[in-house]
1. Count the DSSP beta bridges whose two residues both fall in the chain, then state the antiparallel fraction as a percent rounded to the nearest 5.
2. Just to confirm the filter: which trypsin sites (Lys or Arg not before Pro) across region 252-330 are DSSP coil and have at most 10 other Cβ within 10 angstrom of their Cβ?
3. If you line up the Cα atoms of region 177-217 on their principal axes, what length do they span on each, largest first, in Å?
4. With 31 Å as the limit, write out which pairs from Lys12/Lys435; Lys221/Lys309; Lys9/Lys87; Lys87/Lys223 have Cα-Cα distances beyond it, or answer none.
5. Under a crude label model (7 Å from the Cα following the beta-carbon direction), how far is Ile179 from Thr260 in nanometres?
6. Evaluate the Kirkwood expression for the hydrodynamic radius of the chain, namely the inverse of the mean inverse distance over all pairs of different C-alpha atoms, and round to one decimal in Å.
7. Once both labels are modelled 7 Å past Cα along the beta-carbon direction, what's the Asn408-Gln41 spacing in nm?
8. For Val422 paired with Asp269, estimate the spin-label separation in nm (one decimal), with each label point 7 Å from Cα along the Cα-to-Cβ line.
Amino acid sequence: MEKTGSGIKYPKGIPYIIGNELAERFSYYGMRAILVVFMTQYLMSSGKPDPMNENEATTWYHLFSMVNYFTPVIGAFISDILWGKYKTIILLSVVYVLGHVALALDDSRTGLTIGLTLIAIGAGGIKPCVSAHVGDQFEEKNKILLEKIFGYFYFSINLGAAVSTLLIPVLLDKFGPHIAFGVPGLLMFLATVVFRMGRKVFIAIPPVGWTAYKKDLFSPKGKKAFLNLSIMYIFISIFWSLFDQTGSSWVLQAEKMDKTVNLGFIQFDLLASQIQAINPLLIMFFIPFCSYVLYPFIDKFFPLTSLRKISIGLFLAGFSFAILAVAETSIMAGGKPGIIWQFWAYVILTAAEVMVSITGLEFSYTQAPNSMKSFVMGIWLLSVSLGNGITALVNTLIVNPDGSYKLNGSEYFWFFAGLMFVTSMVFVVIAMRYKVESYIQTRESLSDPLLTEN
């Protein structure tokens with residue numbers, strides 16, 4: 001990945017970052033794909049089965065996701081103030097690997113708690129650093145490639161997610177949780193090795209220290225970026241509240257559906273947790289389609305700014321849950337609808353993800369002053385944490401004292417669809433008043449002694 005057709009060079013460190021991200025996301029999404037099934041079917045206690053019920057497993061799943069997307073703020077502070085992005089990624093990756101080891105060795109609630117805690121610290125802590133590290137590789141002469149590289153970056157995420165989401169559920173079904181959690185741990189170790197291989201060619205922005213960091217954070221420019229983006233992220237968090245249910249409520253609904261896929265020339269059955277692979281597979285189609293076909297076409301008639309893309313994506317997410325609500329109505333009536341219902345919901349939600357997540361990631365980087373890149377990436381990811389916290393809270397509040405639920409079946413999906421539509425309309429108003437900035441990382445003081453070590 002050296003040159004484009006115009007002769008503009010890609011930074012030399014990009015292949016190592018992309019390779020690392022592919023393997024790391026394989027490990028994360030593979031583990032996450034089987035988490036709800038593991039908790040409801042494989043969890044043990046003193047050598048005896050101790051499964052959770054659906055509501056408890058959903059709550060655990062979203063509490064883990066909430067913590068996993070809260071720790072990026074801590075990782076960002078450590079990176080920007082103390083260690084720099086490279087050292088932060090390397091050290092927290094070790095913690096990440098240990099989390100996978102705990103899940104692989106101990107199938108009790110203790111192992112689950114330790115494993116998920118370590119993964120949340122490791123995975124969450126490196127998240128803002130990796131995405132900001134991508135942007136740091138660019139400068140004025142090649143910043144035109146920044147949008148494309150975030151697309152490649154997101155493509156690698158979804159390639160890893162697609163393969164692992166298809167493979168790891170099969171390993172769980174055939175060989176049990178020890179192997180199924182062990183393979184993602186091995187891939188995370190590989191991800192760490194690949195990233196370290198690029199240490200001599202990375203452009204690494206060193207930490208600025210607390211004094212300079214505090215000055216920039218509380219400067220008029222820093223406070224403005226933090227305030228503007230934080231307000232916007234509160235609304236985007238509702239999108240994540242819906243999106244991350246593909247690993248919980250969507251899987252639980254899929255268990256009650258006809259999972260036979262008939263393509264005419266071939267027929268096969270899917271596992272409920274494998275349905276999630278539809279999302280990353282579609283992402284790999286939607287990224288080039290949107291970048292090279294859809295966006296340029298719409299731009300001819302309607303200027304498609306970053307905030308307009310995000311607004312459209314929010315509305316689409318609500319429609320995906322409306323489809324699930326209709327399918328759930330059939331299930332409640334005793335029917336067994338085909339998995340095609342979830343396929344079309346995934347098509348719509350994936351289109352929404354491209355417009356919200358990829359666009360939001362690039363937009364967040366450009367809105368951050370240079371010394372706050374990791375911090376703003378952390379705040380972006382905090383919106384995911386808030387979204388999962390909302391889902392966990394809803395799943396806790398809907399339980400009545402007698403064990404019944406305030407939101408039954410389709411009511412649950414209609415609730416989130418309605419919440420998303422209302423949020424989308426308010427977001428449009430906020431976006432219209434947002435004043436866009438543009439900050440690209442400067443090249444002063446780039447040397448990082450850590451990258452000269454063997």
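Each reported figure results from applying straightforward, stated rules to the coordinates on display, with no laboratory input. All figures in this text were calculated on a predicted structure; none of them were measured in a lab. With ideal geometry, Cβ positions are generated from the backbone for all residues, glycine too; neighbour counts draw on all protein chains shown.
1. Working: 7 of 9 bridges.
Percent antiparallel among DSSP bridges in the chain is about 80.
2. Numbers: sites: Lys256, Lys259, Lys300, Arg308, Lys309; in loops: Lys256, Lys259, Lys300.
Here the sparse-neighbourhood loop sites are Lys300.
3. Projected onto the principal axes, the Cα atoms of region 177-217 cover 49, 26, 10 Å.
4. Details: Lys12/Lys435 34 Å; Lys221/Lys309 25 Å; Lys9/Lys87 26 Å; Lys87/Lys223 27 Å.
Table pairs above 31 Å Cα-Cα are Lys12/Lys435.
5. 2.8
6. One over the average 1/r among Cα pairs gives 22.5 Å for the chain.
7. With each label placed 7 Å out from Cα toward Cβ, I get 2.7 nm.
8. The two pseudo-label positions are separated by 4.2 nm.
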